[in-house]
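K.L.:
A single structure is presented below for examination.
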Amino acid sequence: MRRRAVVWLLLPVFVAVTGNAQDKPRVHVIATGGTISNLGNGTERRTGAELVTGIGDIGERVDVTVEQFSNLASGSITHEMWRKLAGRIVELSSGSRPPAGFVITHGTDTMEETAFFLDLTVGGCAPIVVTGAMRRANAVGADGPANLRNAIRVAAAPAARGRGTMVLMNDEIFAARDVAKTNTTRLNAFTAPDAGPAGVADPDTLDFYREKPAGCHAARFPLDRIGEFPRVDVVYAYIGADSVIADALVAAGAKGIVLAGVGRGGSTPALGRALRRATENGVFIAVSNRTGSGRTGAGSYPDSLATLAGDRGIFVNVSSLNPQKARIVLMLALAAHMDARAISDLFSGY
Ligand code: DAS
């Protein structure tokens, strides 16, 4: 299965799966794998073309083309695959017949990370809608077909233009920045704990709860400004957390560490001291929290870091971004060679 996935990555299949394209918006589906394609037998997964064909009537209103990017569980998606996926969307958007929108099928486990990466790196008017399934492709009550159908509807909709990358799951539309997987198995596993959903895909209409942006979506980190991805890790705070993990990450070459702090961003004294030592080695520390929602608070930092807050920006607050999303921002900021002050300002914008 692994060999097959690599072949797909290198030779993407680009097929039109719906008929007559006249006067219909085109949505380009890029399939990466995940439970939506998983048949549960350990070897086979449905292709993107099979998934689209399985939803029958969608071709009446939308011209759907499909490309197989990979066919992997989402834990196997890599940083370089992110760069390649974003690059592919940029390439297709600037081609002679750009699609009206994109749908990315993806495993749900890391979906929020890929969606946020795309939102930060791909600009333009065409919406990017990431979707997947909580139940396997051949499960009773599989949610994949409805999610894919709704994602295609959103990607084709004029009302979605300029909104950047979204996630569509269980009839709800979420902004990539806000969404998180907050349950392991339920169909309503995706929520936006602080902001709420951005809209809903009802059977008769798509309803967005926020005003349509005046222009197109601007990428904060356009791909052509990003160099190599540095090592950036997340360290969890908990009762008894000591310095071992943070020290080991610095020794392993981490350029950034996100603290998944307790409460509003605190840690144990020992972990706090280790993070302070890390800053002395030029490592950037971004403080997030492990609560699942809410802002990381100014003044709630570990004692040993408090005096560094704002100091040359080496210690940055990440407001309500969860740790895995704060990690992406820090990694991109470092890959874009932003300096300490710029990174500090960037995080205060979240
Ligand atoms: N939960 C799935 C994912 O996120 C795992 C799978 O489909 O193999 O990709």
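The values are calculated or read from the model by the stated rules, or taken from the named source; none is laboratory data. Everything numeric in this text was worked out from a predicted model, so none of it was measured. Neighbour counts are summed over all protein chains in view; Cβ atoms, including those assigned to glycine, are modelled from backbone coordinates with ideal geometry.
K.L.:
Given (1) in contact with a Gly (Cβ under 6 Å, 6 or more places away or on another chain); (2) at pLDDT 95 or above; (3) farther than 26 Å from GLN324 by Cβ, where does LEU92 come up short, assuming only one miss?
P.N.:
Condition (1) is where LEU92 drops out.
K.L.:
Ok, one more. Can THR121 be described as within 16 Å of the ligand (Cβ to nearest atom), within 25 Å of THR182 (Cα to Cα) and modelled with pLDDT of 95 or more? Before the answer, list the steps.
P.N.:
Values: within 16 Å of the ligand (Cβ to nearest atom): no; within 25 Å of THR182 (Cα to Cα): yes; modelled with pLDDT of 95 or more: yes.
Spelling it out, it is not the case that THR121 is within 16 Å of the ligand (Cβ to nearest atom), within 25 Å of THR182 (Cα to Cα) and modelled with pLDDT of 95 or more.
K.L.:
Residue under question is GLY261, and the condition is that it be touching a Pro at 6+ places or on another chain (Cβ under 8 Å), modelled with pLDDT of 95 or more and buried (at least 19 other Cβ atoms within 10 Å of the Cβ); does it hold? Break it down stepwise before answering.
P.N.:
Working: touching a Pro at 6+ places or on another chain (Cβ under 8 Å): yes; modelled with pLDDT of 95 or more: no; buried (at least 19 other Cβ atoms within 10 Å of the Cβ): yes.
So GLY261 fails the test.
K.L.:
Between ILE257, ILE239, which is of a type in the set (A, V, I, L, M) and either in contact with a helix residue (DSSP H, G or I) (Cβ under 7 Å, 6 or more places away or on another chain) or outside any loop (DSSP other than H, G, I, E, B) (or both)?
P.N.:
None of the other options fit; the residue is ILE257.
K.L.:
Just checking, does region 22-43 include any residue being surrounded by fewer than 18 Cβ atoms within 10 Å (Cβ to Cβ), away from the ligand (no atom under 16 Å from the Cβ) and among the aliphatic types (A, V, I, L, M)?
P.N.:
no
K.L.:
Then there is this: Could you grab me the full set of residues in region 139-163 that are small (Gly, Ala, Ser), assigned to a loop (DSSP other than H, G, I, E, B) and under 23 Å from VAL52 (Cβ atoms)?
P.N.:
Looking only at region 139-163, we keep the residues that are small (Gly, Ala, Ser), and these are 139, 141-142, 144, 146, 151, 155-157, 159-160, 162.
When the remaining residues are screened for being assigned to a loop (DSSP other than H, G, I, E, B), the result is 139, 141-142, 157, 162.
Hits for region 139-163 are ALA139, GLY141, ALA142, ALA157.
K.L.:
Here is a further query. Which of the residues that make up region 184-193 are part of a loop (DSSP other than H, G, I, E, B) and surrounded by 16 or more Cβ atoms within 10 Å (Cβ to Cβ)? It would help to see each step written out before you state the result.
P.N.:
Narrowing region 184-193 to residues part of a loop (DSSP other than H, G, I, E, B): 184-189, 192-193.
Hits for region 184-193 are LEU187, ALA189, ALA192.
K.L.:
Considering only residues that are more than 18 Å from the chain's Cα centre (by Cα) and among the small types (Gly, Ala, Ser), look in region 200-220 and name the one that is surrounded by the most Cβ atoms within 10 Å (Cβ to Cβ).
P.N.:
Residues of region 200-220 more than 18 Å from the chain's Cα centre (by Cα): 200-216.
Subsequent filtering for residues that are among the small types (Gly, Ala, Ser) retains 201, 214-215.
Numbers: ALA201: 22, ALA214: 6, GLY215: 8.
If we take residues in region 200-220 being more than 18 Å from the chain's Cα centre (by Cα) and among the small types (Gly, Ala, Ser), then ALA201 is surrounded by the most Cβ atoms within 10 Å (Cβ to Cβ).
K.L.:
I've got another one for you. I'd like the full set of residues that are exposed (fewer than 14 other Cβ atoms within 10 Å of the Cβ) and in a helix (DSSP H, G or I), limited to region 329-350.
P.N.:
At the first step, the residues of region 329-350 found to be exposed (fewer than 14 other Cβ atoms within 10 Å of the Cβ) are 337, 339, 341-342, 345, 349.
Answer for region 329-350, where residues must be exposed (fewer than 14 other Cβ atoms within 10 Å of the Cβ) and in a helix (DSSP H, G or I): ARG341, ALA342, ASP345.
K.L.:
Continuing with the same structure: Looking only at residues in region 264-297 that are on the phi > 0 side of the Ramachandran plot and under 21 Å from the mean Cα position of the chain (by Cα), which one is surrounded by the fewest Cβ atoms within 10 Å (Cβ to Cβ)? Please lay out each step first, then the result.
P.N.:
First pass over region 264-297, keeping only residues on the phi > 0 side of the Ramachandran plot: 265, 282, 292, 294.
In the following step, the residues that additionally are under 21 Å from the mean Cα position of the chain (by Cα) were identified as 292, 294.
Values: GLY292: 11, GLY294: 14.
Among those residues, the one meeting the criterion is GLY292.
K.L.:
Can you tell me which residue within region 135-144, out of those that are more than 10 Å from the ligand (Cβ to nearest atom) and of a type in the set (A, V, I, L, M), is surrounded by the fewest Cβ atoms within 10 Å (Cβ to Cβ)?
P.N.:
Across region 135-144, the extreme among qualifying residues is VAL140.
K.L.:
In addition: Go through (1) more than 16 Å from the ligand (Cβ to nearest atom); (2) at pLDDT 95 or above; (3) acidic (Asp, Glu) for GLU50 and report which single condition fails.
P.N.:
Among (1) more than 16 Å from the ligand (Cβ to nearest atom); (2) at pLDDT 95 or above; (3) acidic (Asp, Glu), the lone unmet condition for GLU50 is (1).
K.L.:
Considering GLU80, GLU113, which residue is within 15 Å of the ligand (Cβ to nearest atom), within 16 Å of the chain's Cα centre (by Cα) and over 20 Å from GLY48 (Cα atoms)?
P.N.:
Details: GLU80 fails: within 15 Å of the ligand (Cβ to nearest atom).
So the residue among GLU80, GLU113 that is within 15 Å of the ligand (Cβ to nearest atom), within 16 Å of the chain's Cα centre (by Cα) and over 20 Å from GLY48 (Cα atoms) is GLU113.
K.L.:
Let me ask something additional. Could you tell me which of the residues ALA126, ALA157, ALA151 is of a type in the set (Gly, Ala, Ser), touching a Pro at 6+ places or on another chain (Cβ under 7 Å) and within 13 Å of VAL27 (Cβ to Cβ)?
P.N.:
Values: ALA157 fails: touching a Pro at 6+ places or on another chain (Cβ under 7 Å); ALA151 fails: touching a Pro at 6+ places or on another chain (Cβ under 7 Å).
Only one candidate passes the filter, namely ALA126.
K.L.:
Now a separate question. Of the conditions (1) modelled with pLDDT of 85 or more; (2) in a helix (DSSP H, G or I), ARG3 fails just one. Which one is it?
P.N.:
With respect to (1) modelled with pLDDT of 85 or more; (2) in a helix (DSSP H, G or I), ARG3 is out only on (1).
K.L.:
Out of the residues in region 85-101 meeting the condition of being touching a strand residue (DSSP E or B) at 6+ places or on another chain (Cβ under 8 Å) and not aliphatic (A, V, I, L, M), tell me which one is farthest from VAL329 (Cα to Cα).
P.N.:
ARG97
K.L.:
Okay, moving on. Just to check your reading of the model, which residue among THR78, THR32 is polar (S, T, N, Q) and under 23 Å from ALA156 (Cβ atoms)?
P.N.:
Testing whether each residue is polar (S, T, N, Q) and under 23 Å from ALA156 (Cβ atoms) leaves just THR32.
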